[in-house]
1. What's the Cα-based Rg to Rh of the chain, Rh via Kirkwood?
2. Working with all protein chains in place, sort TRP379, TRP351 by solvent-accessible area computed with a 1.4 Å probe, largest first.
3. Sorted by accessible area (1.4 Å probe), largest first, how do SER479, SER146 line up?
4. Which residue, ASN114, GLY506, ILE147, has the largest displacement toward the positive end of the dipole of the chain when charges sit on each Cβ (Lys, Arg +1; Asp, Glu -1)?
5. How large is the helix-only mean residue ellipticity at 222 nm for the chain, computed as the sum of -39500 (n - 2.57) over DSSP H runs with n ≥ 4, divided by its residue count, in deg cm²/dmol to the nearest 500?
6. Express in Å², to the nearest 10, the accessible area of LYS365 obtained by rolling a 1.4 Å probe over the protein heavy atoms while all chains stay in place.
7. With a 1.4 Å probe and all protein chains kept in place, how do ASP143, ASP394 rank by accessible area, largest first?
8. On the full set of protein chains, 1.4 Å probe, figure out the accessible area of LEU580 and give it in Å² to the nearest 10.
Amino acid sequence: QICNQHNAEAPNLEQAFHRMAQTEPNLDHDVSWFLLPSYWSKMVVALISFLCFANSYDGDFVFDDSEAIINNKDLRAETPLGDLWHHDFWGSKLSSNTSHKSYRPLTVLTFRINYLFAGGFYPVGFHVINIILHCTISVLMVDVFSILLGGLQFSNKGRRLNLAPKTSLLAALLFAVHPVHTECVAGIVGRADLLCALFFLLSFLGYCKAFRENKEGHNFSIFWVLVSVILGAVAMLCKEQGITILGLNAVFDALVINKLNILELVQKLLHKDKSLENSGLLRKGLLFRITLLMSGGATILYIRWRIMGTGPPAFTEVDNPASFADSLFVRAINYNYYYSLNAWLLLCPWWLCFDWSMGCIPLIKSVSDWRIIALAALWFCLIGLICQALCSEDSHKRRILTLGLGFLIIPFLPASNLFFRVGFVIAERVIYLPSIGYCILFTYGFSLLSKQAKKKKILAVAVLGILLINVMRCVLRSSQWRSEEQLFRSALSVCPLNAKVHYNVGKNLADKGNQSAAIKYYREAVRLNPKYVHAMNNLGNILKERNELQEAEELLSLAVQIQPDFAAAWMNLGIVQNSLRRFEEAEQSYWTAIKHRKKYPDCYYNLGRLYADLNRHIDALNAWRNATVLKPEHSLAWNNMIILLDNTGNLAQAEAVGREALELIPNDHSLMFSLANVLGKSQKYKESEALFLKAIKANPNAASYHGNLAVLYHRWGNLDLAKKHYELSLKLDPMAPGTKENYNLLRRKLEQLQKKSG
């Protein structure tokens, strides 16, 4: 039925098509590839893109997901929605000196919706949305590539025609299965790139809708141009790269709608040719539309600048070492080397890594470095493509090559270090959009080879093999993104010189309780980067727990010497000094930590413990009170206050604090236990018993809970119940201090009672 309809329209093509492309060659003509109706092409692309990444649906929160999602207060219902517009992607205030200035409120809003619908931090829902987004984008690519490769043409009924069904399908498949996209799809924070790409493409398609030609000729819709600008703004509110679509729309307008020859135009401008006004620059409202795009872009950037503030983001040398090089030559050489590596990841996406910083790519410091060859190869290819794009007599070739280069380069510009320093060396996620340009160039190259090849089917099989290899690589790579252990270990072979890789492997092992293995990786991280203060801090923490206090102190002292405002290291140094009984130094370290991080409840808690050891009870209570003010759910601080007040005989105050704590943390069994002890001493036996039983229900294997309940029954005179819980306590912990003595006292008392009754 579809074929009949197509044939029926064929005689009217001359009336229906834009004159601009009537004589252009058909890219599909010499290509041996699948020819499918449009909706079948989209179904195939959707299915294959789904198969590539489906196995990531039940993955964990990994790597940056912790900071952007789990620790981001902007996701929680109690945070006002308005805060999203004043915070960065990680939940920090944009005005803060520590903010990365990554302003993506719409992406954070989708995370918040995910969190609310799931009822908590359950990663499945987050992953499913990412997979759906990539499938949707891949389907849209069929339409986008049909325009970029086949031209923008409409029927006399205003319906857009696909003149490159085979090559647009191939390009969309190349995009859908590219392994470099795994980070965006399988890593939840990649949602920013996916949403940005979605609105980026919608902006482009909206701009194309402005040119549905009516019977009167070359009209365009201002409405759709403005819609395109708005969608570009939405794309930028998902991720910064989104703004580049406005520039690409202008390039598309000039090349496809107005058929401008850029080289010819430049020559006329240089020679002030009077025929310039007939060159197409003023035809069809090009200048007016470009003015609209530029005005819209400038307005969007100004608003973002006002919201973000004037200060640039603060990055460190380990994030992007080339940008801190003193020599302009070294910076330029290394930036270009990074570009060549990005290009290589598009061509051969086999070596993929979650992080490319911290020594993963050593700096090129002289022209004798063999890696200079990569720069030469990159620029040789780029210059060759640019020359063909500008100088070729074939207008079809000029258009496709220029669009391919435009989509390859322009979306990459925000990550290029040309306009501002970025916080990474290479990031696979930032080439999600530039890969559109790669797919255009690859597909065009395939069509040229097909035109020359005698055995076209062999060439088609080779391309099919590339697609199949990419699918398998996507499946493998997305499985590595399912857990931090697999993700971090996969990077060891790709970037063995990356200190952050070893640090993350060590941290993952430490979280699982394997401290011995974690120490090995932390030591390697410090060896690779002797200024890696976070690795020093974590290694010092483990050594402190293993009672290797001397080395722990040395590491933590070095960490705060390298980074004097590292509050966590100051606090941990204070804990070590406290353990070494150097109390004055410990107190000074704690206060230094608080100086650098005003709201630091854990540090106030440890400071309170120090004061308690020194019998400075009032200071201890004040420190713990500060901890609970800053963090009302700080159970340890509440517990220590109750215990200290109990031990010093302030039972009424201890009871008041205990009740206040349980109001804030009603299900904390340790608080129930501490308050039950206080109530027992105050002879409020019934209430004390209820709390003990509730605590035991929550934690039935705590020997002390049974032991202290037994003491309560012992005092209360319920000797049989006391005997039962003494025995339960001793069964759980035969060495429980005091329990055996109390149990023996009870048994003697029971024996005496039996003798009297006998």
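1. Here the Rg-to-Rh quotient is 1.10.
2. So the residues, ranked largest to smallest area, are TRP351, TRP379.
3. Heavy-atom accessible area, descending, gives SER479, SER146.
4. ILE147
5. The helix-only estimate for the chain comes to -20500 deg cm²/dmol at 222 nm.
6. 150
7. ASP394, ASP143
8. 50
The values are calculated or read from the model by the stated rules, or taken from the named source; none is laboratory data. Since the structure is predicted, the reported quantities are computational estimates derived from the model, not experimental observations. Because the Cβ atoms are built from the backbone with ideal geometry, glycine has one as well, and the counts that use them run over all protein chains shown. Only protein heavy atoms, including side chains, enter the accessible area calculation; ligands, DNA and RNA are left aside. Shrake-Rupley method; radii C 1.70, N 1.55, O 1.52, S 1.80 Å.
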